[in-house]
Amino acid sequence: MFSIYAFTLNHKKIPLSKPYQAKNQLRYAQQVIESSYWSSSHYFSKRCEEFFNSYFGIHSCLLTHSCTDALELISLLIDIQEGDEVIVPSFTFVSTANAFLLRGAKIVWCDSQTDHPNISIDQILPLITHKTKAIVVVHYAGLCVDMDPIIEICKQKNIFLIEDAAQALSSEYKGRKAGTLGDFATFSFHDTKPISCGEGGLLVINNSKYCDQALIHLEKGTDRHAYLQGQINKYQWMNLGSSYAPSEFQSSQLLAQLEEIEIIFDIRKKIWNQYITQLNSIRTSKFRLPKIFDYSDYNTSILYLEIMEECHRNELIHLLNRNGISATFHYLALHSSPYGRRMNHQECPNASYWEKQILRLPLHTDVEEADVEKICKLLSE
Ligand SMILES: Cc1ncc(COP(=O)(O)O)c(C=O)c1O
């Protein structure tokens, strides 16, 4: 018992991620408690949606409980039917696929690039059939997928384009914000993300034709939104839906963080730059830094290294963990997961590669210069 206590005193633990604490969070939480409005669609939710409408320059941003919820809402919006095919990267989180599977879609896996975990554009075209209803792209680590060729394919073939931008708040593709490039986009405010309210999400609708229907799905399938606006005097069941709108508690915390969005990303960028400078100075062929592309920058949501040998990656995780540093792997490719294998036996060798080679390093606003130095020293040794 004594030795564990001594360890915690002498060794600062460095978590992989840690939520930022914005200055107005407690005050706003208290305001919610003291108001009689704790449920969804009141003051704080509206303020957050106004923030995003102006941030993205579109008027159809809806808060949800999570990015997972926002993806499920899209699945309802585009009316996924049994047998529709949805092209999804294998190297992603389960929600990207679950959302469409839940409505009966068939998932068609697309592999990653050889030089980056993002979806391989060359491999999309051969996967398209007359049943393809949507393509989902994931901007891994906040680096945008090269969107222009995919936008063109989707236009030509009349296929929905969905950006799972869970990690891509503030990312830009050729000067355009991630989240404004497809028909729909989703973001996550889970506490591992740079901007967080514990659990939270956002749906961005870039085609105004879908806005009214989205509000119905969001409000459990009812026209309660129109009722709250005073447009009708009672609300009723209009379509399928679920409970996707967050409470004022979540929204109040999100608003406090959004008020400091620039400060948060500035701090992260500084830490990112320190890491990159120090990692670049390590002369080794055993790992590579995230590859740079001219169409997008990294938004600092995740810092990862490509470790050339899987066994070195695993040894490094143990070494860093033993030194109080929470470094870790990332996604396990979905096509070869136990549930993925029950669906089909498609192979995605590049996704399998990234599953084995990625090492994620701590990046959050409490990482100090000395922490980065310690981590880079351990890596160089
Ligand atoms: C690509 C991607 N999509 C969706 C999600 C799910 O986000 P949430 O936890 O907000 O539902 C995650 C979670 O990290 C993710 O990485």
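The values are calculated or read from the model by the stated rules, or taken from the named source; none is laboratory data. These numbers come from a predicted model, not from an experiment. No Cβ is skipped: glycine too gets one built from the backbone with ideal geometry, and neighbour counts run over all protein chains shown. Surface areas here come from the heavy atoms of the whole protein model, side chains and all, with no ligands, DNA or RNA. Shrake-Rupley method; radii C 1.70, N 1.55, O 1.52, S 1.80 Å.
Sort 100, 93, 56 from largest to smallest accessible area, using a 1.4 Å probe on the heavy atoms of the protein chains.
Numbers: 100 0, 93 115, 56 20 Å².
Putting 100, 93, 56 in descending order of accessible area: 93, 56, 100.
Non-local amide H neighbours of residue 16 (under 5 Å, H modeled in plane, Pro and chain starts lacking H): which ones?
Long-range HN contacts for residue 16: 326.
Against the globular-protein guess of 2.2 N^0.38 Å, express the Cα radius of gyration of the stretch 112-224 as a ratio, rounded to two decimals. Don't skip to the answer; put the middle values down first.
Working: Rg = 15.1 Å, N = 113, 2.2 N^0.38 = 13.3 Å.
It is 1.14.
Give the calculated FRET efficiency between residue 236 and residue 29 to the nearest 0.05, with a Förster radius of 41 Å applied to their Cβ-Cβ distance. Mind dumping the intermediate values first?
On the way: r = 34 Å, r/R0 = 0.82.
E(calc), rounded to 0.05, equals 0.75.
Ranked highest first by the average count of other Cβ atoms within 10 Å around their residues, in what order do 177-183, 191-197, 281-287, 164-170 fall?
Numbers: 177-183: 23.3, 191-197: 21.4, 281-287: 10.9, 164-170: 27.1.
The packing order, highest mean first, is 164-170, 177-183, 191-197, 281-287.
Within a Cβ distance under 12 Å of residue 110, other residues only, what is the Lys/Arg minus Asp/Glu net charge? Walk me through the numbers before you get to the answer.
Details: positive: none; negative: 85, 111, 122, 347.
Local charge sum for residue 110: -4.
If you wrap the stretch 90-159's Cα atoms in a convex hull and average its projection over all directions, what's the area in nm²? Spell out each step's value before the answer.
Values: hull surface 19.1 nm².
Answer in nm², one decimal: 4.8.
For the stretch 290-381, state what percent of all Cα-Cα pairs lands in each successive 5 Å bin, counting from 0 Å until the bin that includes the largest distance.
2, 12, 19, 20, 18, 14, 9, 4, 2, 0
Projected onto the charge dipole of the stretch 1-110 (+1 at Lys/Arg Cβ, -1 at Asp/Glu Cβ, origin at the Cα centre), which of 60, 42, 25 gives the Cα projection farthest towards the positive end?
Sorting the options by dipole projection puts first 25.
Given a 1.4 Å probe and heavy atoms of the protein chains only, how would you sort 103, 288, largest accessible area at the top?
On the way: 103 85, 288 130 Å².
Of 103, 288, the descending order of accessible area is 288, 103.
I want the local charge near residue 61. Using Cβ-Cβ distances under 13 Å, sum +1 for each Lys or Arg and -1 for each Asp or Glu among the other residues. Each step should come with its number before you reach the end.
Details: positive: 46, 47, 177; negative: 49, 50.
Neighbour charge sum, excluding residue 61 itself: +1.
Nearest 20 debye, what's the magnitude of the dipole of the stretch 25-258 about its Cα centre given +1 on Lys and Arg Cβ and -1 on Asp and Glu Cβ? Walk me through the intermediate numbers first.
Numbers: 17 positive and 25 negative charges, 89 e Å.
That gives a dipole near 420 debye.
Given H placed on each backbone N at 1.01 Å, which residues far from residue 287 in sequence or on other chains put an amide H within less than 5 Å of it?
Placed amide hydrogens put 308 under 5 Å from residue 287.
Each residue of the stretch 285-292 in turn: what ³J(HN,Hα) in whole Hz from Karplus with 6.51, -1.76, 1.60 and θ = phi - 60°, glycine and Pro shown as x?
Once rounded to whole Hz, the list reads 9, 7, 9, 10, 7, x, 5, 9.
Here are some pairs, 18/377; 131/155; 286/356; 46/106; which of them have Cα atoms lying more than 25 Å apart in this structure? Write out the running numbers ahead of the final one.
Working: 18/377 22 Å; 131/155 15 Å; 286/356 14 Å; 46/106 36 Å.
As for pairs spanning more than 25 Å Cα to Cα, those are 46/106.
Between 323, 279, 264, whose Cα lies farthest towards the positive end of the dipole of the stretch 261-380 when Lys and Arg beta carbons carry +1 and Asp and Glu beta carbons carry -1, centred on the Cα centre?
Of 323, 279, 264, it is 323.
Farthest toward the dipole's positive end in the stretch 261-380, which of 302, 346, 292, given Cβ charges of +1 (Lys, Arg) and -1 (Asp, Glu) about the Cα centre?
Checked the options; the winner is 346.
How much mean residue ellipticity at 222 nm does the chain get from its helices, if each DSSP H run of length 4 or more adds -39500 (n - 2.57) and you divide by all residues, to the nearest 500 deg cm²/dmol? Numbers along the way, then the final one.
Details: 14 runs with 147 residues, N = 381.
After summing the helix terms and dividing by residue count, I get -11500 deg cm²/dmol.
Under 15 Å Cα to Cα from residue 13, which aspartates and glutamates show up? Leave out anything in the same chain fewer than 8 places away.
List returned: 366, 368, 369, 371, 373.
Of the beta bridges DSSP finds with both residues in the stretch 25-258, what % are antiparallel, to the nearest 5?
Working: 14 of 30 bridges.
Beta bridges within the stretch 25-258, antiparallel portion: roughly 45 percent.
If we sort 36-44, 351-359 on the protection proxy, mean other Cβ atoms within 10 Å, highest first, what's the order? Mind showing how you got there, number by number?
Numbers: 36-44: 16.6, 351-359: 20.9.
Going by the mean number of other Cβ atoms within 10 Å, highest first, we get 351-359, 36-44.
Looking at the chain, I'd like the Rg to Rh ratio, where Rg is from alpha-carbon atoms and Rh is Kirkwood's inverse mean 1/r.
Working: Rg = 21.6 Å, Rh = 21.9 Å.
Rounded to two decimals, Rg/Rh equals 0.98.
Please state the relative contact order of the stretch 25-258 as a whole percent: Cα pairs under 8 Å, 6+ residues apart?
Details: 476 pairs, mean separation 60.2, N = 234.
Contact order relative to length: 26 percent.
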